[in-house]
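S.K.: Following this message is one structure expressed as structure tokens.
The values are calculated or read from the model by the stated rules, or taken from the named source; none is laboratory data. None of these values were measured; they are calculated from a predicted model. Note that each Cβ is placed from the backbone with ideal geometry, even for glycine, and that neighbours are counted across all protein chains shown.
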Amino acid sequence: MSEQSRGGTAYEILRVPHNAPAEDLRRAYRRRLRETHPDTGGSAELFHEVQLAWELVGTPAARRRYDARSSTTASARPRPRGSEAPSASSPDDGPRVWTAGRTPGGTRPRPKARTYGHPGGWSRERYLTLLREWVGRGVTVENPYAPDLVARAPQEIRHALADALAEEATAKRLAELGSAFTVWHDVATALGHDGWSADASAPATDPAKLDHVVLGPTGLFVVQSEDWGAPVRRKGRDLASAGLPEKARPVKALSRRARVTKRWRVRLDAILVVVADDQLETLLLPLGTGRRVPRFAIRRSALAGTLTVGLPGVQILTEDQLFDQRTRLQQSIRFV
């Protein structure tokens, strides 16, 4: 992509006039995210600038504050005697969005999503516990992650480690969402969640937790990281894979656990199952709707871009809604 990061006002970066209607502004934001996203050949620096621009003008309250600062900046700017005031469309009008993460004092780190919890921690603990039981008590294992040892382990043990690695890989993608998003990892879905699952008879593929809960301007999402060691395909409104038992219903089980959001008194917008890119033929696979909540399988590389742009049919949250949802989640979420 030849487009270069040049900075400018929030409106210039989004490529809309300063008086654009809110709906036009939102459409422009989504279009610019698609154009600049690194996964589709865009610039990481410009993609970040687009996100910052949206944070400045994406909600009515934020836009009023930004426009007020713009007016103050324009009126305070010294002008040559006899010159006219700059027009509203002047490229010098209004606060700037710093380019390439730069600040007047030097380089500023790219803002990350706020994160809580330990991604993959529960699955790693489960892997180590199962491994110790398999090798036998009293046997010393110098390196529990040695490739030859992992290769010899039973499938259930290998799957536990694969789960941990998948969750950690997804957590890295979610951190790229930016400061407007908040992410909780390894979230408990049941009381007494110190066991591997909600009850003794539940399979290991149905633990009493959600891998990731993600909240941002584009909605509230339950995100589950999976690696069954084989390609996945749609089977009815669920997923099937050679790495799963024949009667397994992983999406149905996940949807059941996601009902915990009702106890938190928040509105869940979508459920996503994240798999490795080579395990899914399409970027985003719709899996129907359960209890009015759409469900999807998605490639890991497409996750951050999809959540940033938003899913079809999911409304952008207002600033007040986002604050209210975040407050309820902070008060309600517990970790495994």
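S.K.: Quick check: anything in segment 148-165 over 30 Å from residue 214 (Cα atoms), of a type in the set (Asp, Glu) and at pLDDT below 95?
M.R.: Yes, segment 148-165 contains a residue that is over 30 Å from residue 214 (Cα atoms), of a type in the set (Asp, Glu) and at pLDDT below 95.
S.K.: Within segment 254-286, which residues are assigned to a strand (DSSP E or B) and at pLDDT 95 or above?
M.R.: 270, 271, 272, 273, 274, 275
S.K.: What tally of residues in segment 40-66 results from selecting those that are in contact with a Pro (Cβ under 7 Å, 6 or more places away or on another chain) and modelled with pLDDT under 80?
M.R.: 2
S.K.: Return only the number of the condition from (1) at pLDDT 75 or above; (2) out of contact with any Ser or Thr (no Cβ under 7 Å at 6 or more places or on another chain) that residue 37 does not satisfy.
M.R.: Every condition holds for residue 37 apart from (1).
S.K.: Restricted to segment 169-184, and to residues that are within 12 Å of residue 117 (Cβ to Cβ) and in a helix (DSSP H, G or I), which residue is farthest from the chain's Cα centre (by Cα)? Before the answer, list the steps.
M.R.: Initially, segment 169-184 is screened for residues within 12 Å of residue 117 (Cβ to Cβ), giving 171, 174, 182-184.
Filter again for in a helix (DSSP H, G or I), leaving 171, 174.
Numbers: 171: 8, 174: 4 Å.
The extreme case among them is 171.
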